Amino acid sequence: MKTHTLLMPLDMHLHLRDGVMLENIAPLTAYSFSGAIVMPNLVPPVSSLDDLVAYKERIMAAVPNDYFEPYMTLFYKNYDRKFLESVADELTAIKLYPAGITTNSEGGVSSFDIEEMRPTLEAMIELDIPLCVHGETDGFVMDREAEFMSIYELLASSFPDLKIIMEHITTKEAVEMLDKYDNLYATITVHHLLLTLDDVVGGMMMPHNFCKPIAKRPEDLDALLSVALEAHPKVMFGSDSAPHPQDKKESSGCAAGVFTAPIALQLLCEIFEQYDKLDNLQDFVSDNAQRIYGICPEFKEVTLEKREFVIPKKYSSVVPMYAGQSINWAIQGVD
Ligand code: DOR
Ligand code: ZN
């Protein structure tokens with residue numbers, strides 16, 4: 001049987017939620033990943049040292065073993081230097097949301113005034129804290145990410161020593177930015193390596209494929225595949241797995257978010273094998289992230305095997321992408 005082994009897989013963009021959802025969902029990622037960058041968009045968002053430490057404790061209590069590291073993030077505000085010094089040891093990055101752009105982002109940034117942001121961003125540079133960005137404007141839905149490129153350019157050129165991660169990129173415009181500024185990096189989800197807008201609203205409307213940023217055009221998908229399959233050194237896997245209860249997805253007013261945490265590595269093996277690039281998957285799911293973030297995860301070895309795997313219809317209250325469909329790779333075991 002064909003197998004493929006991955007060492008220390010990392011999910012560099014993950015939503016774990018809180019309460020019962022956290023308890024149900026966190027073990028799924030902890031099983032097959034060594035660590036994950038945990039998003040701070042709780043209600044209210046994680047924005048103080050106490051919130052952050054308490055949230056990390058709740059995550060650790062929810063995962064059944066010690067071989068999983070939640071890399072914590074804080075919700076971006078124009079924090080002062082003294083505060084950032086006090087939290088720097090506890091966090092891995094700060095996540096910036098434009099106000100109101102997606103789930104639980106109402107308290108985000110409403111104007112990208114560089115002078116207002118300067119003290120915070122300069123302190124982040126000195127303390128070596130990367131800035132993760134949800135890069136969308138409030139424009140027309142298909143153009144939101146492309147319109148945000150000028151803001152990435154402004155941030156990257158005004159703060160050349162700030163490590164900026166363009167989260168969950170979905171367009172060829174964002175791919176092109178990678179080689180334009182030394183300090184711009186990106187995460188890519190597995191669903192954006194599989195879906196276009198056609199898979200969301202091209203036939204029957206598919207709520208479990210609906211997320212922000214929305215999946216785009218075939219040429220955007222090709223651009224994303226080109227950098228992911230080559231494991232471009234500035235690109236990392238980040239699932240943006242975003243669980244919502246089934247009734248919040250299958251309703252009028254569908255919540256944005258695609259749930260992929262327990263099936264991400266299997267789908268990635270399938271995609272990378274299809275293009276004969278399995279040898280590059282290790283860089284994409286771990287080594288690039290270790291280098292970019294300077295993190296050293298605990299040892300974990302995940303072996304996948306090539307056999308039919310029928311994706312469960314549900315994981316507790318959450319319906320995953322491709323629920324009930326059969327794919328070609330399954331997890332054989334984890335050491
Ligand atoms: O689709 C999304 N869901 N995009 C985001 O940016 C947030 C996420 C969520 O938290 O549900
Ligand atoms: Zn996200």
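If you check every pair at least six apart or on different chains, which have Cβ atoms under 6 Å apart with a residue in segment 1-29 that is at pLDDT below 95 first and a residue that is open to solvent by 10 Å² or more (accessible area, probe 1.4 Å) and not in a helix (DSSP H, G or I) second?
From segment 1-29, the pairs are 1/305.
Tell me which residues, restricted to segment 64-118, are away from ligand 2 (no atom under 16 Å from the Cβ), over 25 Å from residue 153 (Cβ atoms) and modelled with pLDDT under 95.
Hits for segment 64-118 are 64, 65, 66, 67.
Are any residues in segment 53-104 β-branched (Val, Ile, Thr) and either under 28 Å from residue 32 (Cα atoms) or in contact with a strand residue (DSSP E or B) (Cβ under 6 Å, 6 or more places away or on another chain) (or both), and if so, which ones?
53, 59, 63, 73, 92, 94, 102, 103
Report yes if some residue within segment 198-207 is part of a loop (DSSP other than H, G, I, E, B) and crowded, with 20+ Cβ neighbours inside 10 Å; otherwise report no.
The answer is no, given that none of the residues of segment 198-207 is part of a loop (DSSP other than H, G, I, E, B) and crowded, with 20+ Cβ neighbours inside 10 Å.
Among the residues that make up segment 163-175, is at least one of them open to solvent by 20 Å² or more (accessible area, probe 1.4 Å), closer than 23 Å to residue 284 by Cα, in contact with a Phe, Trp or Tyr (Cβ under 8 Å, 6 or more places away or on another chain) and more than 16 Å from ligand 1 (Cβ to nearest atom)?
yes
Which one of 112, 140 is open to solvent by 10 Å² or more (accessible area, probe 1.4 Å), out of contact with any Cys (no Cβ under 7 Å at 6 or more places or on another chain) and within 16 Å of residue 77 (Cβ to Cβ)? Please lay out each step first, then the result.
On the way: 140 fails: within 16 Å of residue 77 (Cβ to Cβ).
The unique qualifying residue is 112.
Evaluate the following for residue 219: is it part of a helix (DSSP H, G or I) and either exposed (fewer than 15 other Cβ atoms within 10 Å of the Cβ) or within 16 Å of ligand 1 (Cβ to nearest atom) (or both)? Steps first, please.
Details: part of a helix (DSSP H, G or I): yes; either exposed (fewer than 15 other Cβ atoms within 10 Å of the Cβ) or within 16 Å of ligand 1 (Cβ to nearest atom) (or both): yes.
Against the criterion (part of a helix (DSSP H, G or I) and either exposed (fewer than 15 other Cβ atoms within 10 Å of the Cβ) or within 16 Å of ligand 1 (Cβ to nearest atom) (or both)), residue 219 qualifies.
Show me the strands (runs of 3 or more DSSP E) entirely contained within segment 1-80 in which 1 or more residues are within 16 Å of ligand 1 (Cβ to nearest atom).
10-14, 35-38, 69-75
Filter segment 128-157 down to the residues that are part of a helix (DSSP H, G or I) and of a type in the set (Ser, Thr, Tyr), then identify the one that is nearest to residue 184 (Cα to Cα).
Looking at residues that are part of a helix (DSSP H, G or I) and of a type in the set (Ser, Thr, Tyr), I get 152.
Any idea how many residues of segment 229-242 are within 16 Å of ligand 1 (Cβ to nearest atom) and assigned to a loop (DSSP other than H, G, I, E, B)?
Residues that pass the stated criteria total 4.
Check segment 184-193 and report whether any residue there is surrounded by 18 or more Cβ atoms within 10 Å (Cβ to Cβ), within 20 Å of residue 227 (Cα to Cα) and more than 17 Å from the chain's Cα centre (by Cα).
No, because not a single residue in segment 184-193 is surrounded by 18 or more Cβ atoms within 10 Å (Cβ to Cβ), within 20 Å of residue 227 (Cα to Cα) and more than 17 Å from the chain's Cα centre (by Cα).
The values are calculated or read from the model by the stated rules, or taken from the named source; none is laboratory data. These numbers were taken from a predicted model, which means no experiment stands behind them. Cβ atoms come from the backbone with ideal geometry, glycine included; neighbour counts cover every protein chain shown. Areas reflect the complete protein model, heavy atoms only, side chains present, ligands, DNA and RNA absent. Shrake-Rupley method; radii C 1.70, N 1.55, O 1.52, S 1.80 Å.
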